Structure formats: structure tokens, C-alpha cells
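Working notes, beginning with the structure itself.
The values are calculated or read from the model by the stated rules, or taken from the named source; none is laboratory data. If you're wondering where the values come from, they're calculated on a predicted model, not measured in any experiment. Using ideal geometry, Cβ is built from the backbone for each residue, glycine included, and neighbour counts are taken over all protein chains shown. Areas reflect the complete protein model, heavy atoms only, side chains present, ligands, DNA and RNA absent. Shrake-Rupley method; radii C 1.70, N 1.55, O 1.52, S 1.80 Å.
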Amino acid sequence: PTGYMENSISYSAIEDVQLLSWENAPKYCLQLTIPGGTVLLQAANSYLRDQWFHSLQWKKKIYKYKKVLSNPSRWEVVLKEIRTLVDMALTSPLQDDSIHQAPLEIVSKLLSENSNLTTQDHESIIVAIAPLLENNHPPPDLCEFFCKHCRERPRSMVVIEVFTPVVQRILKHNMDFGKCPRLRLFTQEYILALNELNAGMEVVKKFIHSMHGPTGQCPHPRVLPNLVAVCLAAIYSCYEEFINSRDNSPSLKEIRNGCQQQCDRKPNLPLRLLHTSPDLVSQEATLTESRLKPVIVTSNEIHVEVERNNTTNQKMTANVDNDSEPNLIDCLMVSPTCSTMSIELSAQADRILGCYVEILKMLSDYDDWRPALASLLQPIPFPKDQELLILVLLTFFFRELKYVIQRFAEDPRQEVHSCLLSVRAGKDGWFQLYSPGGVACDDDGELFASMVHILMGSCYKTKKFLLSLAENKLGPCMLLALRGNQTMVEILCLMLEYNIIDNNDTQLQIISTLESTDVGKRMYEQLCDRQRELKELQRKGGPTRLTLPSKSTDADLARLLSSGSFGNLENLSLAFTNVTSACAEHLIKLPSLKQLNLWSTQFGDAGLRLLSEHLTMLQVLNLCETPVTDAGLLALSSMKSLCSLNMNSTKLSADTYEDLKVFL
């Protein structure tokens, strides 16, 4: 018969596959031997014929190995068949992912159905399939087998020699651990196995360095996010296991309502939470100073110290009738009477936490990884479960993570240290958590002062940042200034200079704080001198128009403005000069300025942000041929008086242009 086949032929029925090679044979044909005869398949060309031939040979052999390995009798024979299967996959001319994945899936099924193998059998099978793992991810069941081997024999040479290239490939090429969670678990167990070696973290450090590479720039963009995902998942799994190990423990909502539920088991160390009980809030007005004592709400699982103080009670008043979980900061108000706030996890959990926190520290030491790491950690990837969140905060995790945050605070790049702030309003960021009064602060504000210094130095929305400090962190700022911290002294002076503080009593308190130290007294006197000069400048008046000569510098502009009276200056042209963003601190002292020409200068984003916060009466601004970008131009949205804006030859994008049209 000729033409198309009417009935299919099963692969198991094919006894042999051959290429027709005799003389006068039909061109490009395959001969399939089946029970009862043969079938000729004719292809359009030799390439397609060869592809059919090798595909049929492959499929026929795969069915054979599936049958042989599904009912193993002697393991030495099974191991030999596995090696033959691997050799067949490696020598096949076919180029397809299934060529290598199919043998791995067969071996994976074999291992999952035979759990009574010896350790030697485990290692022999792993070594046999190792060549297939060089260019392929292991399937899920095989990942579980690898995880088990890492846990049971972390010092085996198989971990170093076979698993290392597999994990390196996973970290370099995996795109989503959410779709392949067992790859992440295998990577976690592999790292813990490295930590169990004699050299411990030194071996882990060498592995991280090998993933980064010897150059200053890692060539694999997926390595960092994959490592961070592995670390955070491993850290949270420790706390989840602790939560799941406790039976019938009260939730935070029950704790807040004074629940005293009894449980059968106790943890190694009681979990101490400081919180205000809602049923005590109404009694606050009648309580005397001598009766304000901590109240202990005790259960066998969690001990809660309830501190009756005005600050906490005020925060709780609005939430008495609210069924939602208590606010994080409300739950963690640290009392002077409660000097310790900790929870003891198992020794294994401590080792896991220590290992992965050290990896996060290592990642922060690489300059090229630090911006992306700061961006990944900026949202503070806490779990949604409130009780789990409390555990994260109370253990040493946040104290150890302080090194990473310090590295962010020391980095001069704005894309790094700006990630210390929260992602959006109303959500705490690292800046809030490590500031005095924050749940992670244990250094009397040293890290807080470093963060404020770097954020102010980058001109990051200066006035808005000062307003936030005055509203939420004025007390800690004044305390650190009282102790002689120069950064905080500068902050208090800027608050006075920019009129951030409206309350007269608070202003007087800030002045008293500044005058209590030598550095504060000196800087306050300098502030008073500048204020007197500004008032004198405004009183004397001066010219209304001024054009600076070309090639003038920031120093020339500063010298000119300090030598005369410019209180009436409305039009200033700095076109074709060499001024930069540094001159903005002098321009903001011109109260009557309405027109500013910065054509062909080096005035950039930082200066533009400063102008937008202070020169709110500016009407005409020329930024033609300046290096400003979208980040700086967006700041102009706050300048409601601006009527004319020249942005020719800037790096303005179409999206920013549309945004500016809405505001201006």
C-alpha cells in the first residue's frame, strides 16, 4: 500500500529501524520492521530522513529503559543501565531539551519509588547522571533526592564535585523560583552543606565569589536576585517552623485583648511582647503615677509585658474597637522596665540564620551588587503573618543585618542610600526601623546619624526630609545633638533656617540644645549671622537684573552675591557660564528672583530639586543644554508659579513631558 498511514504504529511494536541503502532503493526512505511485515517512510530530503531515524531510535530506546528501570532486580545492573542511558543521551545528534530531561525523569522516578537504597548507591547514581546535569536543571523529584543527600552527607565529595556546577547553573539561569521551588530548596541545602565543612563560612564565601567572578562586574544578572531569594526563603522557613511547632498559641489579636489561653507545651524561652491592653485604656485618666506598673499577661506559650504609658495609650485609643491585628510599632514599644526582648530558637535554626545572614553581608560587600541588593531589600520583605513578623524582629536577625544597612548608608550613590527610606508613605523603611525608638535600634542612634548624614548630603528632597524628621524624629535628633553629634547639630540648624518648626517653645528648646555644646553654639552663631545678612540684603534692595560673564564659576557667583545687596534681584542670567548644582545654595537666598537663565551650564538634578523647594515664586526658567534628567525635571511640579520653561536639548522623556504638562 502507498499514501498516508491510516492507523498508527506504537513505538513498542517497532522491532527495528533502518536506512534504505541498497541500489535503486526509493530516495530518502526509512524501513520500520514490525510484527507481520515492514513499513517504508519516505521523507522530503535527507536531513528530514535522518531526523526521523534518530528520533525513532531515541524513542524506541527510551521505552526500553523505562521498562528495564521500572522493575529493578539487581542494583549493579541498574547502575550499568543508567550509565548506558546517559551515554546514549550525550551522544545523540538530536538537539532538544527532552533528550537530556527524559533520562533525568526516569532516574528521578526510580529513586522516588526505591527509598531503601544505601548511601553508596545514592552516590553512584549521582555520579552516573552528573554529565546530564551540566546543561540541565534537575527535575523536582531529583531535587528532593539531592536535598536529602546534602542533609545526610554534607561532607561527601559528591556535594563539592557534582552539586557545585549544578547549583551554579541554577543561580545563573533560573528565572523564577516561584515556578521551581524545589530548585530553591536544593540550593539552600547545598549552601548549608558547604557550611558544615571544616572551613565553614570560608567555603561559602569562596562559592559566592565564584558566582560573582573575578572582575568588578558580575556577568550574570540573575545571580544576585536568586541568591537573595534563597537567603530570605531560608530565613523565614526557620521562623515558620518555630510557629508551626507550637500548638494552640494565642494570636496577637488575642494577646492584645488580654487572652490568657493555656497551652500544654512551652517554648525554650518565652516570647516577650510589650503592648497596651485595650481594657486598661479607659482607666488611664484615673491612674496615678505610682500605680503605673507593668502588667504581665501570661500564657504557657507567650509572655506579654503590658506597659501603661501615655505615648502607647494614645496610639492604642483609636484601635480599641478595631478587629485588625495590632500595629507593628505598637506591639514593639520597648519599655525602660523591660531590658531584654528576645526569643530562643533551636540550635539548628540559629546555624541556618547565621549562615544566610552572613551571605547577605557578603553580597553587600560587592560594589556592583549593592544598588540591586538595596533595591531588593528596600520594601523590607517581611512575612504578612504578624506573629511571624514579631519573631523575625526579636531574634538576632535584625541586629546582624545592621552591617548590610550600614553598607547602604556608607555608599555615596543615591540609588543605594535612597533605598533606606520606605517605598511609599505610611510604610516603615530601614531608616525608621534603625532610628532611635525603632524596633531594630540598639546603638543609641549611631547608624541613624549616618543615614541622616548621607541622605542630607545627596540633597534628597531636603525640605520634605526635614519636615519628616521634625514630625517623627525630633526628640532623637535633639538628644544626639545634645551629645555632640555634628550631623544632628546641622539638622537642627537647617530646621531653624528653613522655618520647619512653627511652635515657639519647640524652637526655643532647639536653640537651648544647640547652645549646650561648643559645636552647636558655633553653628547656631553662624546661622544667626546668615539670617542677619539676609535681612540686611532684603532691606537694602539692589539691582533687578544681573548677567554673569561667560566662563564664571560657582566661586565667582558666590563672591559676587556676598559683596552687594541683591534683595530686589528678579532676573538672573548665568547662561554659558561654568556654574554647577553647587551654586543652588546661593540662588535660594534671592527672595525676589522670578527669571533664571541656566542655558548651557552644568546645572543638574540636585540643584534643580533644591530650587524647586525654595524658589516657589520663580516664573521663567531656561534649562536649555543642561545635564538635567527626568529625575530633576519632575521636581518642577511643585513650582506652581512657573509660566515659561525651556527644556530644549535636555534628557527629557516623553512620559515626563506629559507629567509636567499636568502640573505646570
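Step by step: find N for segment 72-217, compute 2.2 N^0.38 Å, then divide the Cα radius of gyration by it. What's the final number?
Its radius of gyration relative to the 2.2 N^0.38 Å reference: 1.07.
Can you give me the relative contact order of segment 545-663 as a percent, contacts being Cα pairs under 8 Å and 6 or more apart? Don't jump to the answer; show the numbers that get you there.
Numbers: 243 pairs, mean separation 24.3, N = 119.
It rounds to 20 percent for segment 545-663.
Over segment 1-56, calculate the relative contact order: mean separation of alpha carbon pairs under 8 Å at least 6 apart, over the residue count, as a percent.
About 28 percent, as a whole number.
Residue farthest toward the positive end of the dipole of segment 1-62, with Cβ of Lys/Arg at +1 and Asp/Glu at -1: which of 62, 39, 4?
Of the listed residues, the answer is 62.
Along Cα→Cβ, 7 Å out, is where each label goes; now give me the distance between the ones at residue 648 and residue 444 in nm to one decimal.
My value for the distance between the label points is 6.0 nm.
What is the packing order of peptides 10-18, 433-441, taking the mean over residues of other C-beta atoms within 10 Å and listing the highest first?
Taking the mean over residues of other Cβ atoms within 10 Å, the ranking is 433-441, 10-18.
Residue 161 to residue 368: FRET efficiency via 1/(1 + (r/R0)^6), r the Cβ-Cβ distance, R0 35 Å, to the nearest 0.05? Mind dumping the intermediate values first?
On the way: r = 29 Å, r/R0 = 0.84.
Given R0 = 35 Å and the Cβ-Cβ separation, E is 0.75.
When the dipole is taken about the Cα centre of segment 72-217, and only Lys, Arg (+1) and Asp, Glu (-1) are charged at their Cβ, what size is it in debye, to the nearest 20? Mind dumping the intermediate values first?
Values: 15 positive and 18 negative charges, 79 e Å.
The calculation lands at about 380 debye.
If R0 is 60 Å, what FRET efficiency do you get for residue 50 and residue 619 from their C-beta distance, rounded to 0.05?
0.20
How many nm separate the modelled label positions at residue 588 and residue 529, each set 7 Å beyond the Cα in the direction of the Cβ?
Placing both labels 7 Å beyond Cα along the Cβ direction yields 2.1 nm.
Can you sort 169, 530 by solvent-accessible area, 1.4 Å probe, largest first? The partial results should precede the final answer.
Working: 169 60, 530 85 Å².
Highest to lowest solvent-accessible surface, that is 530, 169.
Which Cα, out of 435, 369, 465, lies furthest along the positive dipole direction of segment 347-540 (beta carbon charges, K/R +1, D/E -1)?
Working it through, the farthest residue towards the positive pole turns out to be 465.
Residues in segment 463-477 near a label at residue 503, defined as backbone nitrogen under 17 Å from the 7 Å Cα→Cβ point?
Counting only backbone N, you get 467-477.
Please identify which residues in segment 411-438 have an amide N closer than 19 Å to a label point set 7 Å out from the Cα of residue 659, following the Cα→Cβ vector.
414-426, by backbone N distance to the label point.
Measure off 7 Å from each Cα along the Cα-to-Cβ vector at residue 74 and residue 206, then give the distance between these two points in nanometres to one decimal.
Result for the modelled spin labels: 4.1 nm.
In segment 72-217, how many lysine pairs have Cα atoms under 25 Å apart, counting only pairs 8 or more places apart or on different chains?
Lysine pairs satisfying the spacing and distance rule in segment 72-217 number 10.
Which value, in Å², gives the accessible area per residue of segment 458-518 when a 1.4 Å probe is used on the protein heavy atoms?
Details: 3080 Å² over 61 residues.
Ligands and nucleic acids excluded, the result is 50 Å² per residue.
Using a 1.4 Å probe and ignoring any ligands, DNA or RNA, find the accessible area of residue 589 and quote it in Å² to the nearest 10.
80
Output the direction-averaged projected area (hull surface divided by four) of the convex hull of the alpha-carbon atoms of segment 487-629, in nm².
9.2
Run the dipole for segment 545-663 about the Cα centre, Lys and Arg Cβ at +1, Asp and Glu Cβ at -1, nothing else charged, and hand back the magnitude in debye, nearest 20.
Charge dipole, segment 545-663, about its Cα centre: 360 debye, nearest 20.
Test of understanding: what is the full-extension gain from residue 511 to residue 94, defined as 0.36 nm times their sequence separation minus their Cα-Cα distance?
The residue 511-residue 94 span can extend by a further 142.1 nm.
Give, to the nearest whole percent, the P(r) tail of segment 545-663 beyond 17 angstrom, counting all Cα pairs.
Of all Cα-Cα distances in segment 545-663, 51 percent exceed 17 Å.
Cα centroid distance between segment 398-431 and segment 629-664, in Å?
29
Mind checking the full-extension length gain between residue 551 and residue 13? Use 0.36 nm per residue of separation minus the Cα-Cα distance, one decimal, nm. Walk me through the intermediate numbers first.
Numbers: separation 538, 0.36 × 538 = 193.68 nm, distance 8.91 nm.
Net length gain for the segment: 184.8 nm.
Which order do peptides 352-360, 84-92 fall in by mean Cβ count within 10 Å, highest first?
Per-residue Cβ counts within 10 Å, averaged per peptide and sorted highest first, yield 352-360, 84-92.
Working out 0.36 nm times the residue gap between residue 400 and residue 123, then minus their Cα-Cα distance, what length gain in nm do you get to one decimal?
96.0 nm
Semi-axes of the equivalent ellipsoid for segment 347-540, please: Cα gyration tensor eigenvalues, times 5, square-rooted, ordered largest first, whole Å. Walk me through the intermediate numbers first.
Values: eigenvalues 263, 59, 44 Å².
The answer is 36, 17, 15 Å, longest axis first.
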